[in-house]
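The values are calculated or read from the model by the stated rules, or taken from the named source; none is laboratory data. Quick caveat, the model's predicted, so the values are computed rather than measured. Don't worry about glycine lacking a Cβ; one is built from the backbone with ideal geometry, like all the others, and counts go over all protein chains shown. Heavy atoms of the whole protein, side chains included, go into the accessibility calculation; ligands, DNA and RNA do not. Shrake-Rupley method; radii C 1.70, N 1.55, O 1.52, S 1.80 Å.
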Amino acid sequence: MRARLEAVYCDGWDAGVVNPLTSSAAKARDAAAEPYTVVLLLHGRLHAVMDLSWSDGYCQITRFDAAERTLSRHQLRGTGEGDLFLREARTWDGPADAGKHEYPHVAARTTTTYTASGTRTDIVEPHGDRGARRDSTSQQRPPRLPIPAFGQWDELLRLAGETSREIIDAARHELPVRVEAHAPWRAPQPLGPQGIEELFVPGTIVDIHDQRLRLSVHEAGKLRLTSGRLVAADPSSLDFDAEPFTVSVPPGAYPVSISLATYLDDPRHSRVSATRLDVSDRPTVRWELALRDGQDPIDLGYRQYFGFGVDAGMACFVDADASERMRDVWLTLDGLVDPRHRTIDSGAMVAWSSGWGDGAYPTWIGYDSAGHVTCFVADMLLFPTDNDED
């Protein structure tokens with residue numbers, strides 16, 4: 001008789017079962033597409049962990065050997081068409097005497113990554129962290145699977161290299177159990193735009209760090225986009241970081257607005273909260289993260305985003321064709337302390353001080369109901385949002 005796998009349900013696995021769930025509670029979460037974890041036991045020992053969140057189109061399967069060393073990790077993502085595709089598969093094959101914490105670093109490692117459109121990338125590291133690697137790329141469509149019904153995980157497990165076995169609920173187990181305030185894992189939910197429109201409502205009062213700030217909106221003139229390809233960057237980095245966004249607009253001169261937050265108890269202290277370039281006056285109905293070539297939101301984890309880096313406390317909008325000749329302008333800006341923004345060379349660049357200072361900042365693209373671009377907003381992440389709350 002083939003060995004059965006026994007299922008333990010919970011919020012997650014972290015060297016133990018975190019926040020156990022009954023089978024019926026896990027099934028209810030599955031039906032509601034809410035996240036939960038299935039810990040699979042073989043002969044009473046940890047064998048595999050499946051983190052599932054169908055609302056996020058996400059599944060990760062991690063397999064272990066008898067010494068609880070990680071053998072493989074397969075991540076599946078939603079295709080947008082109601083099923084899943086294999087996004088990444090990682091396998092480890094190493095010395096028998098390596099401990100479970102050392103094993104992923106010294107074992108031979110193979111990583112295969114797919115894009116939904118059909119590009120496969122393989123990385124082979126025969127000595128783990130200790131040696132060279134071989135990379136190759138080919139055109140190959142990823143394996144796809146339907147989202148399974150609760151308990152019907154055979155195809156998922158076979159894709160992860162598991163032998164087909166019957167799965168039953170564990171009557172009991174001897175795994176460590178903990179109760180925690182939060183699950184130990186999160187599905188990949190990139191940072192989303194929240195409250196962008198409110199940043200451009202004059203007079204809005206925002207509370208942060210026991211302080212109150214009032215928003216005001218200042219017109220910075222028009223930015224000349226001779227090519228229609230917008231660059232958001234630190235003006236001191238234009239010699240190496242001036243790649244435009246993949247979404248362009250017709251060439252023209254577009255108005256730019258600065259959202260300024262001023263402390264109520266210290267009117268001399270202000271910060272730029274966002275900068276908006278208006279392409280049209282049509283209402284914005286949705287937002288998307290602005291991307292550069294080679295960036296794919298599916299690569300982003302929980303609360304992550306692609307943004308432009310700031311190392312000199314300043315940011316700017318500039319056309320891609322003008323970026324090279326504007327690369328030394330930052331030397332004349334004096335940190336943009338007073339005033340907090342400036343329009344340079346009759347609209348060839350609009351520069352501003354970057355929120356709280358150095359860091360990385362996202363740019364959001366607004367679209368109208370017909371799918372046309374309405375605006376670009378560089379968000380200085382001045383205020384915490386729901387994305388910052390646990």
- prompt: For the stretch 337-358, which residues satisfy the criterion of being open to solvent by less than 30 Å² (accessible area, probe 1.4 Å) and of a type in the set (Gly, Ala, Ser)?
  reply: GLY347, ALA348, ALA351, SER353, SER354, GLY355, GLY357
query: Does the stretch 71-87 hold any residues that are free of Cβ contacts under 8 Å to residues at least 40 places away in the same chain and surrounded by fewer than 18 Cβ atoms within 10 Å (Cβ to Cβ), and which are they?
result: GLY80, GLU81
query: Of everything in the stretch 196-215 that's more than 21 Å from PRO362 (Cα to Cα) and in a strand (DSSP E or B), which residue is least open to solvent (accessible area, probe 1.4 Å)?
result: LEU213
- request: Write out, first by first residue and then by second, each pair whose Cβ atoms fall under 7 Å of each other, whose residues are 6+ apart or on separate chains, and whose first residue, in the stretch 170-195, is β-branched (Val, Ile, Thr) while the second is open to solvent by 60 Å² or more (accessible area, probe 1.4 Å).
  value: VAL177/PRO20
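Results for (1) over 20 Å from the mean Cα position of the chain (by Cα); (2) of a type outside the set (A, V, I, L, M, F, W, C); (3) within 29 Å of THR121 (Cβ to Cβ), shown as yes or no for each residue.
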position: TYR9; (1), (2), (3): yes, yes, no
position: LEU42; (1), (2), (3): yes, no, no
position: SER53; (1), (2), (3): no, yes, yes
position: ALA67; (1), (2), (3): yes, no, no
position: LEU71; (1), (2), (3): yes, no, yes
position: GLU81; (1), (2), (3): yes, yes, yes
position: TRP92; (1), (2), (3): yes, no, yes
position: ASP97; (1), (2), (3): yes, yes, no
query: Are there any pairs with C-beta distances below 8 angstrom linking a residue in the stretch 222-245 that is under 16 Å from ARG276 (Cβ atoms) to a residue that is assigned to a helix (DSSP H, G or I), with the two at least 6 apart or on different chains, and if so which?
result: LYS222/GLY347; LEU223/GLY347; LEU230/ALA320; VAL231/ALA320
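Identify all residues within the stretch 268-291 that are closer than 24 Å to SER369 by Cα, among the basic types (Lys, Arg) and loosely packed, with under 15 Cβ neighbours inside 10 Å; write none if there are none.
The answer is ARG286, and nothing else.
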query: Any residue at all in the stretch 166-182 that is more than 29 Å from ILE298 (Cβ to Cβ), of a type in the set (D, E, K, R) and touching a helix residue (DSSP H, G or I) at 6+ places or on another chain (Cβ under 8 Å)?
result: yes
message: List pairs: first residue in the stretch 328-348 and in a strand (DSSP E or B), second residue surrounded by 11 or more Cβ atoms within 10 Å (Cβ to Cβ) and of a type in the set (Gly, Ala, Ser) anywhere in the structure, Cβ distance under 7 angstrom, at least six positions apart or on different chains.
response: HIS341/ALA220; HIS341/ALA351; ARG342/ALA351; THR343/ALA220; THR343/GLY221; ILE344/ALA351
- line: Within the stretch 248-267, restricting to residues that are touching a Leu at 6+ places or on another chain (Cβ under 8 Å) and over 19 Å from VAL201 (Cβ atoms), the one that is surrounded by the most Cβ atoms within 10 Å (Cβ to Cβ) is TYR254
query: Any residue at all in the stretch 173-181 that is more than 24 Å from the chain's Cα centre (by Cα), at pLDDT 95 or above and small (Gly, Ala, Ser)?
result: no
- prompt: Got at least one residue in the stretch 119-126 being touching a residue at least 24 places away in the same chain (Cβ under 8 Å) and either in contact with a helix residue (DSSP H, G or I) (Cβ under 9 Å, 6 or more places away or on another chain) or surrounded by 13 or more Cβ atoms within 10 Å (Cβ to Cβ) (or both)?
  reply: no
- prompt: How many residues does the stretch 322-353 hold that are under 19 Å from VAL377 (Cβ atoms) and hydrophobic (A, V, I, L, M, F, W, C)?
  reply: 5
statement: For the stretch 246-271, the count of residues that are in contact with a strand residue (DSSP E or B) (Cβ under 7 Å, 6 or more places away or on another chain), without any contact (Cβ under 8 Å) to a residue 12 or more places away in the chain and of a type in the set (D, E, K, R) equals 0
- prompt: Within the group ASP319, ASP334, ASP296, which residue is of a type in the set (Asp, Glu) and crowded, with 20+ Cβ neighbours inside 10 Å?
  reply: ASP319
